Each structure stands twice: as structure tokens, then as C-alpha cells.
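Readers should treat all values here as calculations from the given coordinates under stated rules, not as data from a laboratory. Everything numeric here is computed off the predicted structure, so don't read it as measured data.
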Amino acid sequence: GGASETDSLGLNMARRLSDGEQLYVGISAPPEVAAVESSTKPAKVNLNTATMSQLDELPGVGEVTAKRIIDWRTEHGRFTAVTQLRQIDGIGDSRFAPLKDLVTVS
């Protein structure tokens, strides 16, 4: 667990870490790490083609929410707008905010 004042809302607490991986939560990464992270911008996750594991890696999305996203996709067809994530149980304002810029529908 983290200190009570640390904002961990965007952190996927269910995500498995690989050996040697480090997460910086509530503190700044060392300059050499921050430079590497800022130079490699990850591709957006496509809501229409993402696998459970790809969705599970998104901040605030665990196994249950990833399954709900896939279930929504199965029931309703393709996502036509990122804002449709809001129709999924468990994705409110606080969960949607960090996700909206990390996902795409095309």
C-alpha cells in the first residue's frame, strides 16, 4: 500500500509487474528514467480490437472492467466514440478521465 496522501486512482493495482520493473507513484521518476519515458509515447489501445490483457494494462482497468468492456463490445458492436466507455458499469468520471487519451475507436 501507499501513503494515504498518494493518489493511486490511475494505478492498476491488479497489474502484474515483471521482475525488475519499477513504478513511480506519488514521486517523480529519476531524470534518466523520465527522459526515456517521455521520448517513447505508447500507441493508443483500440477499444474495438483490444484483448483482455491490453485492456487490463490501462490505468484503473483491471480484469473485471476489461471483461465488461469486451462484453459491451460483444453486445453492442463496435465502439464509435471513446465516450461510450461511460456506458460501462464501473467507469465514471474519475476512471474515464485518465482513459480517454489512452484509447481510440479507430
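With a ≥ b ≥ c the root eigenvalues of the C-alpha gyration tensor of segment 41-106, is it rounded (a/c under 1.5), prolate (a/b larger than b/c) or oblate?
rounded
For Asp71 and Asp19, compute 0.36 nm times the residue count separating them, minus their Cα-Cα distance, and round to one decimal in nm.
Gain on extension, Asp71 to Asp19, equals 15.6 nm.
Which residues' amide hydrogens lie under 5 Å from the amide hydrogen of Val103, considering only partners 5 or more residues apart or on another chain, with H built in the peptide plane?
Val45
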